[in-house]
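This report refers to the structure that appears directly beneath it.
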Amino acid sequence: MYQTLLTDLQDGTLVVTINRPDKLNALNKDVIEELGHVIAEVYSNNDIKTAILTGAGEKAFVAGADISEFTSLDAAGGEALAKKGQENVFDKIENCPKPVIAAVNGFALGGGCELAMSCHFRVASENAKFGQPEVNLGLIPGYGGTQRLTQLIGKGKAMELMMTADMIGAEDAKALGLVNHVFPMAELMAETKKIAQKIQTKAPVAVAKVIACVNDAARGEARGFHNEITRFGECFATEDMKEGTSAFLEKRKASFAGK
Ligand code: COA
């Protein structure tokens, strides 16, 4: 159904694999278009509880936006490219009410690092490499990288990485808080799925509200505390909250309907 993506839905977890390994999974127009469609599917398909984004092959997650598509663009074209990508893909992933995890299996450069950062959190293989090398090309990040990298690792480190175009390895990325866990390549997908499956045992409406609240905090949303109070209250109107509290008091495992 997709030309540039592979999708596999098992046990409620949709694994989306960006599949242009000969171009290190670079994000061309087709990939961006199809990522927009697949994320819409994650929102709307009730069978999908969590999603994992990864890249095909053992070399790259995504080595950036497809540089070959840049040569024909003027200022308006560049702005339109960034706007469309941010609105249809990167912001949609970040705001997705279902958890989206990046399983970074190699180079995550430029738009690839930005794609990983738009996910709710990241895990990486030992060979993963992260960077925002746009200044090598006379560019800056355009898919949210200046904002999300600063949110994730702080101003000074973000400035240095984006000014020097340096690449960092998985362990350094972990030390900076850019990735949560580092696994051997052979274990990356199984370990990522384990985390997704663990989240799927939790109350889905509450998990969606965690995503919204943490996004508020990361964005410096002035009404973040207020929104937390409102959403906390909303939880009391859910079947999940009744099930979760009853199950605790009855000393049994909760079974959430996501309502
Ligand atoms: N856009 C378009 N094509 C890309 C690409 C990108 N961002 N990244 C890699 N490719 C292509 C290469 O052109 C090459 O294609 P070819 O075989 O048709 O010549 C293929 O993917 C393999 O890449 P190659 O450069 O030969 O691999 P390498 O192991 O020597 O180097 C990288 C790997 C990641 C260091 C290198 O590909 C690179 O620097 N890529 C660009 C990273 C970047 O600047 N990203 C930000 C874009 S805004």
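Just so it is clear, none of the values below were taken in a lab; they were calculated from the coordinates. All figures in this text were calculated on a predicted structure; none of them were measured in a lab.
One table, with the values for the structure above:
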item	result
Mean-position separation - Cα centroids, the range 112-131 and the range 137-211, in angstrom	5 Å
Chain lengthening between A208 and H226 when straightened (0.36 nm per residue, less Cα-Cα)	4.8 nm
Reduced Cα scattering model of the range 110-259, Debye log10 I(q)/I(0), q = 0.13, 0.16 Å⁻¹	-0.75, -0.97
Principal semi-axes in Å for the range 94-179 [√(5λ), Cα gyration tensor, largest first]	18, 15, 12
Restraint check, K157/K194; K92/K198; K23/K194; K155/K193; K92/K242, Cα-Cα greater than 26 Å	K157/K194; K23/K194; K155/K193; K92/K242
Normalised contact order of the range 5-200, rounded percent, pairs of Cα under 8 Å and 6 or more residues apart	20 percent
Stokes-Einstein D in µm²/s, Kirkwood radius over Cα pairs - the chain at 10 °C with 1.306 mPa s viscosity	84 µm²/s
For the range 204-249, the spread of Cα positions along each principal axis, largest first, Å	36, 15, 14
Additional length obtainable on full extension of the chain from T245 to N45, 0.36 nm per residue less Cα span	69.2 nm
MRE, 222 nm, helices only [DSSP H, n ≥ 4, -39500 (n - 2.57), over the chain, to nearest 500]	-14000 deg cm²/dmol
